[in-house]
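Working notes for the structure below.
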Amino acid sequence: MKDRFRLIYRGERGATFYCVDTETGKRASLQTKNRDAAKQIVFAKNQALRQPSINLQLAKAYLAGSDSGVVTRTWQNALDTLIETKQGPTKERWLRAGREKPLDLIRHKVIIETQAEHLLGCIKAGTVSTNVHLRKLHNFCLSMNWLPWPIIPKRLWPEIQFKPKRAITIEEHRLIIEREKNSERRNFYELCWHLGGSQTDVACLDAEDIDWTQHTVAYARKKTGSLAIIHFGDEISEILRRLPTRGPLFPRLRRIRAGDRATEFKQRCDGLGIAGVSLHSYRYAWAERARKCGYPERFAQEALGHNSKAVHRAYAKRAQVLLPALEKYEHSANESKVIPIRLQQGESSLPASEVNAAGGDL
């Protein structure tokens, strides 16, 4: 049988060896200048065409030379290793994701034996969470050199389609506050509206996080560790004065799971006929309110504890900003033109304070 692939040497191309497909005429660099290594690669390519039934066994034999666990390592082993690298709430999310039933389709399958259809079947049987976490697990295996190449190329992964997310409106918030009889939950919802914090961050606030002298609430985000500092006014002051002056502001809500807090909120919304919102909708509402009223983005980003501008803009993208008419801006600009200043004899037609405000060196 005639070999399909042959070896060529291109001295003018950096002294690199190439492999030529005699059927298509295409050349591909072997990324090596070593003749023996190049010969072995071309030989393996030709052998793969002649003996397709033992290709996997040959691959395992070669890979086992550098990694003894490649023949037995399963996706569950990789998942356990990945989870051990996480901490806090992130680790808890991965533990929940690792128990998803769709992962049972590949859980005990050897990684090196996995085909693309196995992962696609797992994603099809699962949810958005399955797609997100399986993609991260696949990339983790690539980074650890447990996979010699991607099972599914990056651009061919099924698109992640999140459910629509929206902010809670002021009318919906007022309905919830009016219906809520439990004072602790009512104060909790009101503080979520005014601070825009995540439910866990707000539920874990302590009285010591409040600086009454500076009128600020400061806390480190549980998710990222970034510091969020928010100045408060009279409305927040009124809420804070109803809360404990020592220790946790919400003793009961702090002890229960985030999922239980979310369930209580959903039950309240269902009873009022409010759909499409969750406790996280308060963060979207705060970001949209800030953008709509012209609050500087860098201040809003700092207040919400967002390290990335892209993340912050994703929260505020649905804000409906009312743009003023251009003619009003032009008229305002014409009225505020700087009066000419005579500098020849050190005289000015503006007061000294206004000259300094305008730049001082006009």
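Quick look at the values:
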quantity: Residues of the stretch 207-247 satisfying the condition of being within 27 Å of the chain's Cα centre (by Cα), open to solvent by 30 Å² or more (accessible area, probe 1.4 Å), on the phi < 0 side of the Ramachandran plot and not hydrophobic (A, V, I, L, M, F, W, C); calculated: ASP209, LYS222, LYS223, THR224, HIS231
quantity: Members of the stretch 83-120 that are in contact (Cβ under 8 Å) with a residue 60 or more places away in the chain and not small (Gly, Ala, Ser); calculated: PRO89, THR90
quantity: Members of the stretch 117-131 that are aliphatic (A, V, I, L, M) and open to solvent by 30 Å² or more (accessible area, probe 1.4 Å); calculated: LEU120, ALA125, VAL128
quantity: Hits in the stretch 208-261 (condition: of a type in the set (A, V, I, L, M) and assigned to a strand (DSSP E or B)); calculated: ILE210, VAL217, ALA218, ALA220, LEU227, ALA228, ILE229, ILE230
quantity: Filtered residues of the stretch 148-177 (kept if open to solvent by 70 Å² or more (accessible area, probe 1.4 Å), acidic (Asp, Glu) and either closer than 30 Å to HIS118 by Cα or touching a helix residue (DSSP H, G or I) at 6+ places or on another chain (Cβ under 9 Å) (or both)); calculated: GLU159
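The values are calculated or read from the model by the stated rules, or taken from the named source; none is laboratory data. The shown structure was predicted, so the numbers you read here are calculated from the model rather than taken from an experiment. Cβ: placed from backbone, ideal geometry, glycine included. Neighbour counts: every protein chain shown. The protein model used for the area step is the full one, side chains on, heavy atoms only, and it has no ligands, DNA or RNA in it. Shrake-Rupley method; radii C 1.70, N 1.55, O 1.52, S 1.80 Å.
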